[in-house]
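**Student:** Right, I'll just put the structure down here and ask away after.
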Amino acid sequence: MKKLLVTAACAAGGIVFAYAENSIETLIQSGKLKVNLTSLGGHRGDCVEAEIENLTADSLEVTFEAGRRLVAGDSSEQDIFLVKENSVKLAPKENRKRALFGFCCQSHDHSPKKGGKFSIGFLAPIAWLKLATIINKGDYDESAVQQAVWAISNNHPTASIPVGIRHENYPLIATVAGIKGEPIPWYFIQYAHDPDQLFSNVPVQLKGQIKYEVTSYGVVTISVTNENAKSMQTIEEIMPKMVGKRVYRVNLNVYKWPHGKYTVTIQDHTSAVLARKTFEI
């Protein structure tokens with residue numbers, strides 16, 4: 001039996017990818033394998049159907065690798081980035097169908113229409129493959145995976161990835177931040193819905209948590225300023241805080257705020273700074 005696959009192994013300094021001699025592209029080009037890729041409609045999850053036909057007299061095990069980028073036949077539609085490995089065993093001359101699990105990776109383009117065609121494409125760059133590896137091993141919310149893919153493919157903010165109710169998406173966020181060489185964001189940005197495009201790039205809400213410690217009984221003030229130290233919002237806690245460790249749950253309406261960096265400062269009644277965090281939208 002022939003097996004077509006790409007394997008990944010950990011090595012010092014990152015991930016090393018070893019390629020089988022007969023890649024899926026080579027077998028297609030040599031006439032040993034026929035693959036027809038059709039959009040099932042939508043831009044994430046099981047959104048592509050693969051019809052695979054073994055044209056040889058040998059049994060084959062074909063693997064669609066996590067990290068393969070399928071290229072849309074219509075250039076106005078997004079390519080699909082596969083993030084779950086999918087293997088298919090084929091008897092000689094056998095034809096089978098499989099749904100492939102992937103996500104759009106060109107946020108400025110349209111969602112693929114049902115019935116649209118894709119080519120087999122290519123294995124994505126190393127940064128993309130690192131992301132695909134952790135998604136393939138884990139079980140993450142589809143909306144979080146989509147934002148993670150765009151964070152790499154289109155350089156969207158890492159903070160656009162939702163952390164999840166039980167912080168279940170934290171490993172995904174940490175991986176993306178590591179790939180991009182950024183600190184893990186302490187906040188999450190929610191964007192406006194736009195019926196005409198998949199990603200609006202219009203921030204509407206910012207949420208997060210800031211830990212601080214009260215050293216003397218009194219009222220606490222939270223202020224938000226822009227890069228020019230202009231006040232954007234000030235919140236004075238009505239109830240005085242007792243001495244001890246506290247957590248402030250940030251929930252800011254940032255709709256129509258200019259893109260840029262901002263600072264959240266928590267001060268006590270003496271104006272002493274208890275905590276300070278920056279964010280960018």
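**Student:** As an exercise: evaluate S153 against (1) closer than 15 Å to T63 by Cβ; (2) in contact (Cβ under 8 Å) with a residue 60 or more places away in the chain and give the number of the one condition it does not meet.
**Tutor:** Only one criterion in (1) closer than 15 Å to T63 by Cβ; (2) in contact (Cβ under 8 Å) with a residue 60 or more places away in the chain is unmet by S153, namely (1).
**Student:** Look through E280, E237 and report the one residue that is surrounded by fewer than 16 Cβ atoms within 10 Å (Cβ to Cβ), at pLDDT 95 or above and under 28 Å from V204 (Cβ atoms).
**Tutor:** Working: E237 fails: at pLDDT 95 or above.
Criteria check complete, one pass: E280.
**Student:** Pairs only if they're at least six apart or on different chains, beta carbon under 8 angstrom, first in region 89-104 and surrounded by 14 or more Cβ atoms within 10 Å (Cβ to Cβ), second assigned to a loop (DSSP other than H, G, I, E, B) and hydroxyl-bearing (S, T, Y); list them, first residue then second.
**Tutor:** Close Cβ pairs satisfying both conditions: L90/S59; C104/S111.
**Student:** Answer with yes or no whether A50 is crowded, with 17+ Cβ neighbours inside 10 Å, closer than 17 Å to N86 by Cβ and either at pLDDT 50 or above or outside the structural domain of P92 (by TED's automatic domain parsing) (or both).
**Tutor:** Working: crowded, with 17+ Cβ neighbours inside 10 Å: yes; closer than 17 Å to N86 by Cβ: yes; either at pLDDT 50 or above or outside the structural domain of P92 (by TED's automatic domain parsing) (or both): yes.
Considered against the rule, which asks whether it is crowded, with 17+ Cβ neighbours inside 10 Å, closer than 17 Å to N86 by Cβ and either at pLDDT 50 or above or outside the structural domain of P92 (by TED's automatic domain parsing) (or both), A50 comes out as yes.
Listed here are the residues, each with its yes/no results for (1) assigned to a loop (DSSP other than H, G, I, E, B); (2) in contact with a Gly (Cβ under 8 Å, 6 or more places away or on another chain); (3) surrounded by 14 or more Cβ atoms within 10 Å (Cβ to Cβ).
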position	(1), (2), (3)
L172	no, yes, yes
V176	no, no, yes
I179	no, no, yes
E182	yes, no, no
Q197	yes, no, no
Q205	no, no, yes
Q233	no, no, yes
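**Student:** Which of the residues spanning region 105-138 are free of Cβ contacts under 8 Å to residues at least 24 places away in the same chain and either among the hydrophobic types (A, V, I, L, M, F, W, C) or part of a loop (DSSP other than H, G, I, E, B) (or both)?
**Tutor:** Listed by number, the list holds a single entry, P125.
**Student:** Inspect all residues belonging to region 209-231 and state whether any of them is free of Cβ contacts under 8 Å to residues at least 40 places away in the same chain, exposed (fewer than 13 other Cβ atoms within 10 Å of the Cβ) and under 20 Å from V163 (Cβ atoms).
**Tutor:** Within region 209-231, the first condition is being free of Cβ contacts under 8 Å to residues at least 40 places away in the same chain, and the residues that meet it are 217, 226-231.
Restricting the remaining residues to those that are exposed (fewer than 13 other Cβ atoms within 10 Å of the Cβ) gives 217, 227-231.
Remaining after also requiring under 20 Å from V163 (Cβ atoms): none.
No, that holds for no residue.
Table: residues versus (1) over 30 Å from F103 (Cβ atoms); (2) among the basic types (K, R); (3) touching a Ser or Thr at 6+ places or on another chain (Cβ under 8 Å); (4) touching a residue at least 12 places away in the same chain (Cβ under 8 Å).
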| residue | (1), (2), (3), (4) |
| --- | --- |
| S160 | no, no, no, yes |
| I173 | no, no, yes, yes |
| K245 | yes, yes, no, yes |
| Y248 | yes, no, no, yes |
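The values are calculated or read from the model by the stated rules, or taken from the named source; none is laboratory data. Everything quoted here is computed from the prediction, not taken from an experiment. Using ideal geometry, Cβ is built from the backbone for each residue, glycine included, and neighbour counts are taken over all protein chains shown.
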